[in-house]
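First the structure, in the form of C-alpha coordinates, and then the observations on it.
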Amino acid sequence: MSNHYLGFGLGLRTPHFQDVLETQPDVDWFEIISENFMVAGGKPKYYLHAIRERYPMVMHGVSMSIGSTEPLDKDYLKQLKQLANEVQPAWISDHLCWTGLDGINSHDLLPLPYTEEAINHVAERIIQVQDILGRQLLLENVSSYLSYTDSAMSEWTFYNAVVERADCLMLLDINNIYVSSRNHHFDPETYLNAINPARVRQFHLAGHSDVGTHVIDTHDHDVCDSVWALYRQALHRFGPISTMIERDDNIPPLQQLVDELNIARQLAATTLQDRSVREVAYS
Amino acid sequence: MKSSLHQRQQQMMQALLHGNDEITQHIVCDTLDAQQRLSIYQTGYRLRLREVIDNDHPILGHYLGDTLFEQLIEGYIDAVPSAFRSLRYYCDPLPDYLSNDPFFSQHPQIAELARFERCLLDSFDAADCDSASTTTLQQIPAADWPTLQLRFHPSLQLFNTPFNVVDIWQALKAEHLPPAPQQQTACWVVWRNQERLTEFRSAEPIEQTLLNCFLQGGDCSLAAEIIAAQTNATSAANELLTLLLRWLALGWIQQLVHGQSPPNVTPVN
Ligand SMILES: [Fe+2]
(Lines give C-alpha, C1' and ligand atoms only; values in the text may rest on other atoms or scores of the structure.)
Protein backbone atom coordinates (compact mmCIF):
# COMPACT_ATOMS: atom_id res chain seq x y z
CA MET A 1 0.00 0.00 0.00
CA SER A 2 1.51 3.34 -1.01
CA ASN A 3 2.14 6.09 1.51
CA HIS A 4 -0.32 8.19 -0.48
CA TYR A 5 -3.22 6.10 0.66
CA LEU A 6 -5.64 8.16 2.75
CA GLY A 7 -8.51 5.67 3.02
CA PHE A 8 -12.14 6.74 2.65
CA GLY A 9 -13.22 10.36 2.46
CA LEU A 10 -16.15 12.65 1.80
CA GLY A 11 -16.57 15.99 0.07
CA LEU A 12 -16.81 18.67 2.74
CA ARG A 13 -20.06 20.59 2.17
CA THR A 14 -21.46 23.63 3.98
CA PRO A 15 -24.57 21.95 5.48
CA HIS A 16 -22.28 19.48 7.28
CA PHE A 17 -19.69 21.90 8.71
CA GLN A 18 -21.16 22.01 12.21
CA ASP A 19 -21.98 18.31 12.26
CA VAL A 20 -18.46 17.32 11.30
CA LEU A 21 -17.04 19.32 14.19
CA GLU A 22 -19.60 18.12 16.71
CA THR A 23 -19.82 14.46 15.79
CA GLN A 24 -16.30 13.87 14.43
CA PRO A 25 -17.61 11.22 12.03
CA ASP A 26 -15.64 8.15 11.08
CA VAL A 27 -14.33 9.60 7.84
CA ASP A 28 -10.62 9.27 7.06
CA TRP A 29 -10.26 12.56 5.18
CA PHE A 30 -12.18 15.36 3.48
CA GLU A 31 -11.97 16.84 0.03
CA ILE A 32 -12.72 20.56 -0.26
CA ILE A 33 -13.73 22.52 -3.35
CA SER A 34 -10.84 24.99 -3.48
CA GLU A 35 -12.85 27.88 -4.93
CA ASN A 36 -15.34 27.76 -2.05
CA PHE A 37 -12.58 28.77 0.34
CA MET A 38 -10.97 31.49 -1.76
CA VAL A 39 -12.52 34.07 0.54
CA ALA A 40 -10.86 36.20 3.16
CA GLY A 41 -12.48 34.88 6.35
CA GLY A 42 -15.70 34.35 8.26
CA LYS A 43 -17.53 31.07 8.73
CA PRO A 44 -16.13 29.22 5.68
CA LYS A 45 -12.54 29.78 6.80
CA TYR A 46 -13.32 29.13 10.45
CA TYR A 47 -14.81 25.72 9.71
CA LEU A 48 -12.11 24.91 7.19
CA HIS A 49 -9.37 25.40 9.73
CA ALA A 50 -11.21 23.76 12.60
CA ILE A 51 -11.98 20.67 10.51
CA ARG A 52 -8.48 20.59 9.04
CA GLU A 53 -7.10 20.34 12.58
CA ARG A 54 -8.96 17.06 12.94
CA TYR A 55 -8.82 15.53 9.46
CA PRO A 56 -6.43 15.18 6.51
CA MET A 57 -7.63 17.12 3.47
CA VAL A 58 -7.18 17.28 -0.26
CA MET A 59 -8.03 20.27 -2.44
CA HIS A 60 -10.19 19.85 -5.52
CA GLY A 61 -10.62 22.76 -7.94
CA VAL A 62 -13.27 23.39 -10.57
CA SER A 63 -11.98 26.38 -12.51
CA MET A 64 -8.30 26.02 -13.31
CA SER A 65 -9.42 25.61 -16.93
CA ILE A 66 -6.28 23.70 -17.76
CA GLY A 67 -7.44 22.95 -21.30
CA SER A 68 -8.43 26.48 -22.26
CA THR A 69 -6.64 28.33 -25.05
CA GLU A 70 -6.66 31.55 -23.04
CA PRO A 71 -3.55 32.23 -20.94
CA LEU A 72 -3.32 30.54 -17.54
CA ASP A 73 -4.86 32.70 -14.82
CA LYS A 74 -1.83 33.51 -12.67
CA ASP A 75 -3.97 35.28 -10.13
CA TYR A 76 -6.10 32.21 -9.62
CA LEU A 77 -3.00 30.03 -9.31
CA LYS A 78 -1.59 32.40 -6.73
CA GLN A 79 -4.77 32.12 -4.69
CA LEU A 80 -4.71 28.36 -5.06
CA LYS A 81 -1.15 28.21 -3.81
CA GLN A 82 -2.01 30.48 -0.91
CA LEU A 83 -4.92 28.24 0.06
CA ALA A 84 -2.63 25.21 -0.19
CA ASN A 85 -0.25 26.91 2.22
CA GLU A 86 -3.10 27.27 4.69
CA VAL A 87 -4.63 23.84 4.23
CA GLN A 88 -1.48 21.77 3.63
CA PRO A 89 -3.49 19.31 1.53
CA ALA A 90 -2.24 15.82 0.77
CA TRP A 91 -2.66 16.82 -2.89
CA ILE A 92 -4.36 19.25 -5.28
CA SER A 93 -6.61 18.21 -8.13
CA ASP A 94 -8.66 19.75 -10.92
CA HIS A 95 -10.28 18.48 -14.11
CA LEU A 96 -9.00 17.51 -17.54
CA CYS A 97 -11.26 19.97 -19.32
CA TRP A 98 -11.65 23.67 -19.99
CA THR A 99 -14.12 26.01 -18.31
CA GLY A 100 -13.93 29.32 -20.12
CA LEU A 101 -12.39 31.62 -22.69
CA ASP A 102 -11.55 35.32 -23.06
CA GLY A 103 -12.08 36.03 -19.38
CA ILE A 104 -15.56 34.49 -19.30
CA ASN A 105 -16.12 31.46 -17.08
CA SER A 106 -18.85 28.99 -18.02
CA HIS A 107 -18.58 27.30 -14.60
CA ASP A 108 -18.94 24.02 -16.44
CA LEU A 109 -16.43 21.26 -17.09
CA LEU A 110 -16.33 21.40 -20.87
CA PRO A 111 -14.82 18.52 -22.86
CA LEU A 112 -11.73 18.79 -25.01
CA PRO A 113 -11.33 17.28 -28.47
CA TYR A 114 -9.06 14.25 -28.20
CA THR A 115 -6.32 15.40 -30.56
CA GLU A 116 -2.55 15.58 -30.63
CA GLU A 117 -2.88 19.36 -30.59
CA ALA A 118 -4.90 19.25 -27.36
CA ILE A 119 -2.46 16.80 -25.74
CA ASN A 120 0.45 19.13 -26.44
CA HIS A 121 -1.46 22.20 -25.32
CA VAL A 122 -2.76 20.75 -22.05
CA ALA A 123 0.45 18.93 -21.12
CA GLU A 124 2.49 22.09 -21.55
CA ARG A 125 0.11 24.00 -19.27
CA ILE A 126 0.06 21.28 -16.62
CA ILE A 127 3.84 21.47 -16.51
CA GLN A 128 3.61 25.22 -15.91
CA VAL A 129 1.01 24.79 -13.18
CA GLN A 130 3.02 22.08 -11.45
CA ASP A 131 5.98 24.40 -11.58
CA ILE A 132 4.03 27.22 -9.95
CA LEU A 133 2.44 25.01 -7.31
CA GLY A 134 5.68 23.13 -6.67
CA ARG A 135 3.90 19.78 -6.72
CA GLN A 136 2.31 17.23 -9.02
CA LEU A 137 -1.28 17.89 -10.00
CA LEU A 138 -4.06 15.30 -10.13
CA LEU A 139 -6.42 15.63 -13.07
CA GLU A 140 -9.87 14.13 -13.13
CA ASN A 141 -11.75 12.67 -16.09
CA VAL A 142 -15.00 14.60 -16.53
CA SER A 143 -18.49 13.44 -17.45
CA SER A 144 -19.28 14.55 -20.97
CA TYR A 145 -22.37 14.81 -23.14
CA LEU A 146 -20.77 15.54 -26.49
CA SER A 147 -17.65 14.56 -28.40
CA TYR A 148 -16.06 16.43 -31.25
CA THR A 149 -15.67 15.16 -34.80
CA ASP A 150 -12.05 16.38 -34.50
CA SER A 151 -11.23 13.67 -31.97
CA ALA A 152 -8.62 11.26 -33.29
CA MET A 153 -8.48 8.88 -30.32
CA SER A 154 -10.47 7.55 -27.38
CA GLU A 155 -10.85 9.51 -24.16
CA TRP A 156 -8.67 7.01 -22.28
CA THR A 157 -5.87 7.19 -24.86
CA PHE A 158 -6.00 10.97 -24.58
CA TYR A 159 -6.07 10.89 -20.76
CA ASN A 160 -3.08 8.51 -20.54
CA ALA A 161 -1.11 10.55 -23.07
CA VAL A 162 -1.68 13.89 -21.32
CA VAL A 163 -0.74 12.46 -17.96
CA GLU A 164 2.42 10.81 -19.29
CA ARG A 165 3.51 13.87 -21.23
CA ALA A 166 2.95 16.22 -18.28
CA ASP A 167 4.10 13.75 -15.63
CA CYS A 168 1.01 14.40 -13.52
CA LEU A 169 -1.39 12.09 -11.69
CA MET A 170 -4.94 10.87 -12.16
CA LEU A 171 -8.07 11.34 -10.10
CA LEU A 172 -10.22 8.67 -11.62
CA ASP A 173 -13.92 9.42 -11.26
CA ILE A 174 -15.63 6.06 -11.53
CA ASN A 175 -19.07 7.63 -11.88
CA ASN A 176 -17.84 9.91 -14.67
CA ILE A 177 -16.50 6.90 -16.57
CA TYR A 178 -19.91 5.28 -16.23
CA VAL A 179 -21.79 8.46 -17.23
CA SER A 180 -19.59 9.05 -20.27
CA SER A 181 -19.73 5.39 -21.26
CA ARG A 182 -23.51 5.61 -21.40
CA ASN A 183 -23.47 8.92 -23.26
CA HIS A 184 -20.86 7.87 -25.80
CA HIS A 185 -21.56 4.15 -25.97
CA PHE A 186 -18.26 2.67 -24.93
CA ASP A 187 -17.46 -0.15 -22.53
CA PRO A 188 -16.45 1.35 -19.16
CA GLU A 189 -14.25 -1.67 -18.41
CA THR A 190 -12.25 -1.00 -21.59
CA TYR A 191 -11.64 2.48 -20.17
CA LEU A 192 -10.52 1.16 -16.78
CA ASN A 193 -8.29 -1.49 -18.30
CA ALA A 194 -6.52 1.04 -20.46
CA ILE A 195 -5.60 3.39 -17.60
CA ASN A 196 -2.02 3.24 -16.37
CA PRO A 197 -2.26 2.10 -12.73
CA ALA A 198 0.97 3.87 -11.78
CA ARG A 199 -0.71 7.25 -12.30
CA VAL A 200 -3.91 6.75 -10.29
CA ARG A 201 -3.90 8.51 -6.92
CA GLN A 202 -7.60 9.00 -6.08
CA PHE A 203 -11.09 7.76 -6.94
CA HIS A 204 -14.33 9.70 -6.98
CA LEU A 205 -17.71 8.07 -6.53
CA ALA A 206 -21.00 9.89 -7.01
CA GLY A 207 -24.62 9.55 -8.03
CA HIS A 208 -26.12 10.74 -11.29
CA SER A 209 -29.47 11.21 -13.04
CA ASP A 210 -30.40 8.60 -15.58
CA VAL A 211 -32.84 10.09 -18.08
CA GLY A 212 -32.94 7.00 -20.28
CA THR A 213 -31.49 8.40 -23.50
CA HIS A 214 -28.50 9.71 -21.58
CA VAL A 215 -27.09 10.20 -18.11
CA ILE A 216 -26.35 13.49 -16.34
CA ASP A 217 -23.69 13.85 -13.68
CA THR A 218 -25.80 15.59 -11.06
CA HIS A 219 -24.23 14.38 -7.78
CA ASP A 220 -27.71 14.42 -6.26
CA HIS A 221 -28.34 10.70 -5.74
CA ASP A 222 -26.74 7.78 -3.96
CA VAL A 223 -24.08 5.87 -5.86
CA CYS A 224 -25.96 3.40 -8.08
CA ASP A 225 -25.35 -0.34 -8.46
CA SER A 226 -23.65 -0.05 -11.85
CA VAL A 227 -21.13 2.41 -10.44
CA TRP A 228 -20.51 0.19 -7.39
CA ALA A 229 -19.86 -2.67 -9.81
CA LEU A 230 -17.42 -0.56 -11.78
CA TYR A 231 -15.75 0.52 -8.53
CA ARG A 232 -15.20 -3.15 -7.72
CA GLN A 233 -13.52 -3.58 -11.12
CA ALA A 234 -11.37 -0.54 -10.43
CA LEU A 235 -10.29 -1.95 -7.06
CA HIS A 236 -9.33 -5.19 -8.78
CA ARG A 237 -7.21 -3.33 -11.27
CA PHE A 238 -5.71 -0.54 -9.19
CA GLY A 239 -5.65 -1.92 -5.65
CA PRO A 240 -6.20 0.31 -2.63
CA ILE A 241 -6.73 3.87 -3.85
CA SER A 242 -8.02 6.75 -1.71
CA THR A 243 -11.74 6.90 -2.38
CA MET A 244 -14.33 9.56 -1.70
CA ILE A 245 -18.00 10.24 -2.36
CA GLU A 246 -19.08 13.53 -3.91
CA ARG A 247 -22.49 14.87 -3.10
CA ASP A 248 -23.43 18.36 -4.25
CA ASP A 249 -27.18 18.50 -4.45
CA ASN A 250 -30.10 17.04 -2.54
CA ILE A 251 -27.57 16.68 0.28
CA PRO A 252 -28.66 14.16 2.95
CA PRO A 253 -27.68 14.21 6.64
CA LEU A 254 -23.98 13.58 7.20
CA GLN A 255 -24.57 10.16 8.77
CA GLN A 256 -26.26 8.95 5.60
CA LEU A 257 -23.14 9.77 3.60
CA VAL A 258 -20.95 8.12 6.21
CA ASP A 259 -23.11 5.00 5.82
CA GLU A 260 -22.72 5.16 2.05
CA LEU A 261 -18.98 5.54 2.47
CA ASN A 262 -19.00 2.42 4.60
CA ILE A 263 -20.38 0.51 1.62
CA ALA A 264 -17.25 1.57 -0.26
CA ARG A 265 -15.09 0.47 2.68
CA GLN A 266 -16.81 -2.88 2.82
CA LEU A 267 -16.54 -3.39 -0.92
CA ALA A 268 -12.87 -2.49 -0.88
CA ALA A 269 -12.18 -4.83 2.03
CA THR A 270 -13.70 -7.85 0.31
CA THR A 271 -12.46 -7.02 -3.18
CA LEU A 272 -8.92 -6.35 -2.07
CA GLN A 273 -8.89 -9.53 -0.01
CA ASP A 274 -9.94 -11.51 -3.11
CA ARG A 275 -7.27 -9.70 -5.06
CA SER A 276 -4.48 -10.55 -2.64
CA VAL A 277 -5.64 -14.17 -2.43
CA ARG A 278 -5.53 -14.29 -6.21
CA GLU A 279 -2.10 -12.66 -6.30
CA VAL A 280 -0.75 -15.19 -3.82
CA ALA A 281 -2.28 -18.04 -5.80
CA TYR A 282 -0.70 -16.83 -9.03
CA SER A 283 2.68 -15.99 -7.58
CA MET B 1 -3.71 29.47 -38.94
CA LYS B 2 -6.11 29.43 -36.06
CA SER B 3 -5.85 26.25 -34.03
CA SER B 4 -8.87 24.02 -34.19
CA LEU B 5 -8.83 23.74 -30.39
CA HIS B 6 -9.18 27.49 -30.02
CA GLN B 7 -11.85 27.60 -32.68
CA ARG B 8 -13.92 24.87 -31.00
CA GLN B 9 -13.67 26.70 -27.71
CA GLN B 10 -14.83 29.94 -29.29
CA GLN B 11 -17.74 28.16 -30.94
CA MET B 12 -18.68 26.43 -27.70
CA MET B 13 -18.67 29.71 -25.76
CA GLN B 14 -20.79 31.30 -28.50
CA ALA B 15 -23.25 28.45 -28.12
CA LEU B 16 -23.44 28.85 -24.33
CA LEU B 17 -23.56 32.62 -24.20
CA HIS B 18 -25.52 33.47 -27.33
CA GLY B 19 -27.24 30.30 -28.49
CA ASN B 20 -25.14 30.28 -31.68
CA ASP B 21 -25.12 26.69 -32.99
CA GLU B 22 -22.13 26.74 -35.36
CA ILE B 23 -20.41 24.23 -33.08
CA THR B 24 -23.01 21.56 -33.94
CA GLN B 25 -21.18 20.81 -37.22
CA HIS B 26 -18.28 19.57 -35.12
CA ILE B 27 -20.25 17.43 -32.68
CA VAL B 28 -20.61 13.69 -33.18
CA CYS B 29 -24.23 12.62 -33.75
CA ASP B 30 -25.51 9.14 -32.93
CA THR B 31 -28.39 8.19 -30.67
CA LEU B 32 -28.55 11.86 -29.71
CA ASP B 33 -28.09 14.48 -32.38
CA ALA B 34 -25.63 17.35 -32.09
CA GLN B 35 -28.29 19.85 -31.04
CA GLN B 36 -29.54 17.57 -28.26
CA ARG B 37 -26.01 17.07 -26.99
CA LEU B 38 -25.24 20.77 -27.12
CA SER B 39 -28.45 21.69 -25.36
CA ILE B 40 -27.43 19.62 -22.31
CA TYR B 41 -24.56 22.10 -21.88
CA GLN B 42 -26.71 25.13 -22.73
CA THR B 43 -29.31 24.13 -20.14
CA GLY B 44 -26.67 23.35 -17.52
CA TYR B 45 -24.98 26.70 -18.04
CA ARG B 46 -28.13 28.67 -17.29
CA LEU B 47 -29.20 26.39 -14.44
CA ARG B 48 -25.95 26.87 -12.58
CA LEU B 49 -26.05 30.66 -12.83
CA ARG B 50 -29.74 30.73 -11.95
CA GLU B 51 -29.03 28.80 -8.79
CA VAL B 52 -26.43 31.36 -7.73
CA ILE B 53 -28.81 34.28 -8.16
CA ASP B 54 -31.48 32.34 -6.27
CA ASN B 55 -29.15 31.48 -3.38
CA ASP B 56 -27.51 34.87 -3.07
CA HIS B 57 -30.66 36.98 -3.35
CA PRO B 58 -33.53 35.17 -1.64
CA ILE B 59 -35.15 38.31 -0.23
CA LEU B 60 -34.93 40.12 -3.54
CA GLY B 61 -36.66 37.07 -5.03
CA HIS B 62 -39.49 37.32 -2.48
CA TYR B 63 -39.81 41.02 -3.08
CA LEU B 64 -40.11 40.70 -6.83
CA GLY B 65 -42.32 37.62 -6.90
CA ASP B 66 -41.90 34.75 -9.37
CA THR B 67 -42.59 36.56 -12.64
CA LEU B 68 -40.35 39.54 -12.10
CA PHE B 69 -37.60 37.49 -10.49
CA GLU B 70 -37.69 35.24 -13.51
CA GLN B 71 -37.32 38.30 -15.74
CA LEU B 72 -34.37 39.44 -13.62
CA ILE B 73 -32.67 36.03 -13.75
CA GLU B 74 -33.05 35.58 -17.50
CA GLY B 75 -32.01 39.16 -18.22
CA TYR B 76 -28.99 39.04 -15.93
CA ILE B 77 -27.72 35.74 -17.31
CA ASP B 78 -28.01 37.11 -20.86
CA ALA B 79 -26.39 40.42 -20.04
CA VAL B 80 -23.69 39.45 -17.54
CA PRO B 81 -21.58 36.35 -18.16
CA SER B 82 -19.34 35.35 -15.26
CA ALA B 83 -15.89 36.92 -15.18
CA PHE B 84 -15.06 35.08 -11.97
CA ARG B 85 -13.39 31.80 -11.07
CA SER B 86 -15.74 31.40 -8.13
CA LEU B 87 -19.52 31.66 -8.36
CA ARG B 88 -19.40 33.50 -5.03
CA TYR B 89 -18.79 36.69 -7.01
CA TYR B 90 -21.08 36.11 -9.99
CA CYS B 91 -23.75 38.47 -8.67
CA ASP B 92 -21.37 41.24 -7.63
CA PRO B 93 -22.39 43.28 -10.72
CA LEU B 94 -26.13 42.66 -10.09
CA PRO B 95 -26.90 45.99 -8.34
CA ASP B 96 -25.29 47.90 -11.22
CA TYR B 97 -27.17 45.80 -13.75
CA LEU B 98 -30.45 46.62 -11.99
CA SER B 99 -29.62 50.33 -11.84
CA ASN B 100 -29.00 50.40 -15.57
CA ASP B 101 -31.68 48.05 -16.83
CA PRO B 102 -34.45 50.06 -18.54
CA PHE B 103 -37.18 48.20 -16.68
CA PHE B 104 -35.72 47.62 -13.22
CA SER B 105 -34.19 51.10 -13.00
CA GLN B 106 -37.73 52.53 -12.93
CA HIS B 107 -37.95 51.08 -9.42
CA PRO B 108 -34.59 52.08 -7.94
CA GLN B 109 -35.29 50.43 -4.59
CA ILE B 110 -34.81 47.06 -6.35
CA ALA B 111 -31.13 47.76 -7.08
CA GLU B 112 -30.73 49.04 -3.53
CA LEU B 113 -32.22 45.88 -2.08
CA ALA B 114 -29.77 43.82 -4.18
CA ARG B 115 -26.93 46.04 -3.00
CA PHE B 116 -27.92 45.42 0.62
CA GLU B 117 -27.88 41.65 0.10
CA ARG B 118 -24.39 41.88 -1.51
CA CYS B 119 -23.28 43.96 1.44
CA LEU B 120 -24.42 41.25 3.86
CA LEU B 121 -22.51 38.64 1.85
CA ASP B 122 -19.37 40.76 1.82
CA SER B 123 -19.40 41.05 5.59
CA PHE B 124 -20.10 37.33 5.93
CA ASP B 125 -16.76 36.26 4.47
CA ALA B 126 -14.61 39.37 4.95
CA ALA B 127 -11.18 38.86 6.51
CA ASP B 128 -10.87 37.78 10.13
CA CYS B 129 -9.09 39.70 12.82
CA ASP B 130 -9.26 40.14 16.55
CA SER B 131 -11.11 43.14 17.84
CA ALA B 132 -9.60 45.67 20.22
CA SER B 133 -10.94 45.64 23.78
CA THR B 134 -12.06 48.39 26.11
CA THR B 135 -8.94 47.67 28.22
CA THR B 136 -6.75 48.70 25.32
CA LEU B 137 -8.61 51.99 25.19
CA GLN B 138 -8.26 52.55 28.93
CA GLN B 139 -4.51 52.00 28.72
CA ILE B 140 -3.95 54.83 26.27
CA PRO B 141 -2.15 57.76 27.93
CA ALA B 142 -4.14 61.01 27.90
CA ALA B 143 -1.45 62.72 25.84
CA ASP B 144 -2.00 60.24 22.97
CA TRP B 145 -5.72 60.76 22.74
CA PRO B 146 -5.85 63.63 20.24
CA THR B 147 -3.91 61.74 17.57
CA LEU B 148 -5.64 58.42 18.15
CA GLN B 149 -7.03 56.80 14.98
CA LEU B 150 -9.20 53.74 14.51
CA ARG B 151 -8.85 50.70 12.29
CA PHE B 152 -12.17 48.97 11.89
CA HIS B 153 -12.91 45.27 11.59
CA PRO B 154 -12.61 44.24 7.90
CA SER B 155 -16.25 43.11 7.89
CA LEU B 156 -17.55 46.55 8.90
CA GLN B 157 -19.30 48.47 6.14
CA LEU B 158 -21.45 51.56 6.01
CA PHE B 159 -24.51 51.01 3.90
CA ASN B 160 -25.88 54.36 2.81
CA THR B 161 -29.10 54.13 0.89
CA PRO B 162 -31.70 56.60 -0.35
CA PHE B 163 -34.51 54.05 0.21
CA ASN B 164 -36.11 52.14 3.06
CA VAL B 165 -34.73 48.89 1.65
CA VAL B 166 -33.46 47.57 4.98
CA ASP B 167 -36.99 47.87 6.39
CA ILE B 168 -38.26 46.07 3.30
CA TRP B 169 -35.59 43.39 3.75
CA GLN B 170 -36.44 42.89 7.43
CA ALA B 171 -40.18 42.64 6.80
CA LEU B 172 -39.72 40.04 4.08
CA LYS B 173 -37.22 38.10 6.17
CA ALA B 174 -39.84 37.90 8.93
CA GLU B 175 -42.37 36.87 6.29
CA HIS B 176 -44.40 40.02 6.73
CA LEU B 177 -45.75 42.30 4.04
CA PRO B 178 -43.01 44.76 3.12
CA PRO B 179 -43.63 48.49 3.56
CA ALA B 180 -44.11 50.58 0.42
CA PRO B 181 -40.85 51.85 -1.04
CA GLN B 182 -39.99 55.24 0.33
CA GLN B 183 -37.22 57.67 -0.37
CA GLN B 184 -35.35 58.31 2.86
CA THR B 185 -31.71 58.81 3.65
CA ALA B 186 -30.61 55.94 5.80
CA CYS B 187 -27.25 54.79 7.05
CA TRP B 188 -26.71 51.30 8.31
CA VAL B 189 -23.66 49.67 9.76
CA VAL B 190 -23.14 46.08 8.62
CA TRP B 191 -20.61 43.86 10.34
CA ARG B 192 -19.87 40.32 11.42
CA ASN B 193 -20.05 39.67 15.14
CA GLN B 194 -17.86 37.49 17.35
CA GLU B 195 -20.09 34.47 16.60
CA ARG B 196 -19.40 35.05 12.88
CA LEU B 197 -22.99 36.11 12.24
CA THR B 198 -23.68 39.11 10.05
CA GLU B 199 -25.46 41.91 11.88
CA PHE B 200 -26.63 45.36 10.95
CA ARG B 201 -28.00 48.34 12.77
CA SER B 202 -28.89 51.87 11.82
CA ALA B 203 -26.45 54.65 12.61
CA GLU B 204 -27.59 58.03 13.99
CA PRO B 205 -26.48 60.96 11.82
CA ILE B 206 -23.73 61.95 14.27
CA GLU B 207 -22.51 58.38 14.59
CA GLN B 208 -22.42 58.11 10.81
CA THR B 209 -20.43 61.34 10.53
CA LEU B 210 -17.94 60.13 13.11
CA LEU B 211 -17.59 56.69 11.52
CA ASN B 212 -16.87 58.41 8.22
CA CYS B 213 -14.39 60.69 9.94
CA PHE B 214 -12.46 57.75 11.39
CA LEU B 215 -12.81 55.63 8.24
CA GLN B 216 -11.17 58.45 6.30
CA GLY B 217 -8.26 58.56 8.71
CA GLY B 218 -9.51 61.28 11.06
CA ASP B 219 -8.31 61.20 14.66
CA CYS B 220 -9.96 61.80 18.03
CA SER B 221 -9.27 65.51 18.07
CA LEU B 222 -11.08 65.93 14.75
CA ALA B 223 -13.92 63.73 16.02
CA ALA B 224 -14.23 65.86 19.17
CA GLU B 225 -14.40 69.01 17.04
CA ILE B 226 -17.21 67.47 15.00
CA ILE B 227 -19.12 66.59 18.16
CA ALA B 228 -18.67 70.06 19.55
CA ALA B 229 -19.84 71.66 16.31
CA GLN B 230 -22.77 69.38 15.57
CA THR B 231 -24.27 68.44 18.95
CA ASN B 232 -25.30 70.07 22.21
CA ALA B 233 -23.06 67.71 24.19
CA THR B 234 -21.65 69.45 27.27
CA SER B 235 -18.46 67.41 26.98
CA ALA B 236 -17.35 66.36 23.51
CA ALA B 237 -14.70 64.12 25.07
CA ASN B 238 -17.25 62.23 27.17
CA GLU B 239 -19.55 61.89 24.21
CA LEU B 240 -16.71 60.49 22.12
CA LEU B 241 -15.66 58.08 24.86
CA THR B 242 -19.20 56.72 25.15
CA LEU B 243 -19.27 56.15 21.42
CA LEU B 244 -15.86 54.47 21.31
CA LEU B 245 -16.83 52.14 24.16
CA ARG B 246 -20.00 51.19 22.31
CA TRP B 247 -18.07 50.47 19.11
CA LEU B 248 -15.50 48.44 21.01
CA ALA B 249 -18.22 46.41 22.70
CA LEU B 250 -19.76 45.65 19.31
CA GLY B 251 -16.39 44.45 18.03
CA TRP B 252 -16.25 47.10 15.34
CA ILE B 253 -12.75 48.30 16.17
CA GLN B 254 -9.80 46.17 15.22
CA GLN B 255 -7.05 48.48 16.38
CA LEU B 256 -6.44 51.79 18.10
CA VAL B 257 -3.45 53.42 16.44
CA HIS B 258 -1.48 56.62 16.68
CA GLY B 259 -0.31 58.96 13.95
CA GLN B 260 -0.96 59.38 10.31
CA SER B 261 -0.97 55.86 8.84
CA PRO B 262 -3.58 55.55 6.08
CA PRO B 263 -6.95 53.95 6.90
CA ASN B 264 -7.62 50.36 5.85
CA VAL B 265 -11.35 50.43 5.26
CA THR B 266 -13.37 52.50 2.86
CA PRO B 267 -17.11 52.90 3.21
CA VAL B 268 -19.36 51.36 0.58
CA ASN B 269 -21.71 53.81 -0.94
FE1 LIG C 1 -15.65 13.91 -9.67
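Points worth noting:
- Helix B:109-124 axis versus longest C-alpha principal axis of chain B: approximately 70°, rounded to the nearest ten.
- Directionally averaged shadow of chain A, computed from the convex hull of its alpha-carbon atoms, nm²: 15.0
- Hydrodynamic radius of chain B by the Kirkwood approach over all distinct alpha-carbon pairs: 21.8 Å.
- Simple point charges give the picture: +1 on the Cβ of Lys and Arg, -1 on the Cβ of Asp and Glu, and for segment B:1-89 a dipole about the Cα centre of about 460 debye.
- Binning the alpha carbon pair distances of segment A:26-183 at 10 angstrom intervals from zero yields the distribution 10, 40, 34, 14, 2, expressed in whole percent.
- Segment B:19-173: proportion of alpha-carbon pairs further apart than 18 angstrom, %: 69
- With contacts taken as Cα pairs under 8 Å and at least 6 residues apart, segment B:126-269 reaches a relative contact order of 39 percent.
- Entry note, segment A:8-282: relative contact order of 16 percent, from Cα contacts under 8 Å with a spacing of 6+ residues.
- For residue A:74, a cut-off of 13 angstrom between C-alpha atoms picks up these aspartates and glutamates, skipping any fewer than 8 places away in its own chain: A:131.
- Farthest positive-ward along segment A:10-155 dipole, Cα basis, beta-carbon charges - from A:134, A:69, A:83: A:83
- Contact order relative to length of segment A:66-156, as percent, for alpha carbon pairs under 8 angstrom and 6 or more apart: 37
- Ordered by 1.4 Å accessible area with all protein chains kept, B:173, A:43 run largest first as B:173, A:43.
- Segment A:42-97 - Rg (one decimal) and Dmax (whole number), Cα, Å: 12.8, 40
- Helix B:205-215 and the longest principal axis of the Cα set of chain B meet at an angle near 80°.
- Options B:45, B:164, B:100, ranked by Cα towards positive dipole end of chain B, top entry (Cβ charges): B:45
- Estimated from helices alone, the mean residue ellipticity of chain B at 222 nm is -16000 deg cm²/dmol (sum of -39500 (n - 2.57) over DSSP H runs with n ≥ 4, per residue).
- Put a plus charge on the Cβ of each Lys and Arg, a minus charge on the Cβ of each Asp and Glu, and nothing anywhere else: the dipole of chain A about its Cα centre is then about 780 debye.
- Principal-axis analysis of the Cα atoms of chain B puts helix B:220-230 at an angle of about 90° to the longest axis.
- Net charge dipole size for chain B [Lys, Arg +1 and Asp, Glu -1 on Cβ; Debye, nearest 20]: 460
- Beyond 39 Å, the tail of the calculated P(r) for the protein assembly as shown holds 37 percent of the Cα pairs.
- Descending semi-axes in Å of segment B:102-198, equivalent ellipsoid built from Cα gyration tensor: 35, 16, 12
- Rh (Kirkwood; distinct C-alpha pairs) - segment B:122-269, Å: 16.3
- Segment B:1-89: translational diffusion in µm²/s, Stokes-Einstein, Kirkwood Rh over Cα pairs, 20 °C, 1.002 mPa s: 144
- In segment A:1-140, the DSSP beta bridges split such that about 20 percent are antiparallel, to the nearest 5.
The values are calculated or read from the model by the stated rules, or taken from the named source; none is laboratory data. In this text, all values refer to a predicted model and were calculated from it rather than measured experimentally. Neighbour counts run over all protein chains shown; Cβ positions are idealised from the backbone, glycine included. Side chains included, ligands, DNA and RNA excluded: accessible areas come from the protein's heavy atoms. Shrake-Rupley method; radii C 1.70, N 1.55, O 1.52, S 1.80 Å.
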